[in-house]
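Some notes on the structure that comes next.
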Amino acid sequence: MNTKKVIACDLDGTLAPSKSSLSREMSDVIRQILPRYSLAVISGGAFPQFQKQFLFNLDCPKELYKNLYLFPTMGSTCYVYDYEKDDWKQIYEEKLSDEERRDIIQAFKDSINESGLDLEGAYGEILEDRGTQVTFSGRGQNAPIDAKNSWDPDRTKRQILVDLLKSKIPNFDIRMGGMSSIDVTRLGVDKAYAIGKIKSLLNVNDDDIVFVGDALYKGGNDAPVKKTNVDYIQEDGPNETLELLKNYI
């Protein structure tokens, strides 16, 4: 018998392809899950990306939003639905200071130069300041999925950058995400931090939560969840997640 109260999911590569819209099939399953469970979505994208990718494609009654919790940028912030204002409300934010963001961006630039990696022909900017997080995208923020998937499938290119970054900014969390990204947040602000926030906000314990993600490998941005005592499930793409979530309906 399933005794879970909260399903926590990654977004890119788990509920939807990287920076792509939630499918109609996934929306249908989530609509059936929300009356039964709280759903927490934790991802590296900023809130506008959550809106574009997830919320604008989620077809469900607003009364179910009370069971939906959004944690952009690795849980460094959280949004819940405010029924009085008929809008999403930010309830906390672990924003990086101007100096911290400058240090991270400079460390990225120096590491890229030292790495010898060829990043020409990127689709848009390769560095994005998300306020609570700085993100590197090897093929650019607007890269098509095929370009992302083929750039660093074995993660060796990003590992070079991660190692260089750790030597330059050791007091930050640095993790790979998706197929081409590296996310940097304040030390200790990761998906384990988000799990702690979920427990506090929803008044639940570890046994009540299951986490589903595609980057639970060492150095992946889902891996910090393993530091907690919640159950976790590694999946390999939205189609696999879809079949998994059907078990909770």
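What follows draws every value from the coordinates through simple rules; no lab data is involved. Please read these numbers as outputs of a predicted model, since none were measured by experiment. Please note: Cβ atoms are built from the backbone with ideal geometry, for glycine as well, and neighbour counts cover all protein chains shown.
Observations on the structure shown:
- Bridge type composition, the chain - antiparallel percent by DSSP, nearest 5: 55
- Ignoring lysines fewer than eight residues from Lys199 along the same chain, the ones with Cα atoms less than 26 angstrom from its Cα are Lys4, Lys5, Lys62, Lys66, Lys85, Lys89, Lys95, Lys191, Lys218, Lys226, Lys227, Lys246.
- Between Gln106 and Lys166, the distance separating the two model label sites (each 7 Å from Cα on the Cα→Cβ line) works out to 2.3 nm.
- Label-point gap, in nm, between Tyr217 and Asp154 - each point 7 angstrom along Cα→Cβ: 1.1
- Kirkwood Rh (inverse of mean 1/r, distinct Cα pairs), segment 11-56, angstrom: 10.9
- Among the trypsin sites (Lys or Arg not before Pro) found in segment 189-249, those both in a DSSP coil and sparsely packed, with 12 or fewer other Cβ atoms within 10 Å of their Cβ, are Lys218.
- Sparse packing (at most 15 other Cβ atoms within 10 Å of the Cβ) combined with a DSSP loop state is found for the following GluC sites (Glu not before Pro) in segment 1-109: Glu84.
- Sequence of Val162, Val189 once ranked by neighbouring C-beta atoms within 10 Å, starting from the fewest: Val162, Val189
- Estimated 222 nm signal from helices in the chain, with DSSP H stretches of n ≥ 4 weighted -39500 (n - 2.57), rounded to 500: -9000 deg cm²/dmol
- Asn57 paired with Glu125, simple spin-label distance in nm, labels 7 Å along Cα-to-beta-carbon: 2.3
- Helix 24-33 axis, angle to the chain major axis (alpha carbon atoms, nearest 10°): 50
- Computed from Cα positions, the angle between helix 98-115 and the longest principal axis of the chain comes to roughly 60 degrees.
- Shape call, segment 98-186: gyration tensor on alpha carbons, a/c limit 1.5: prolate
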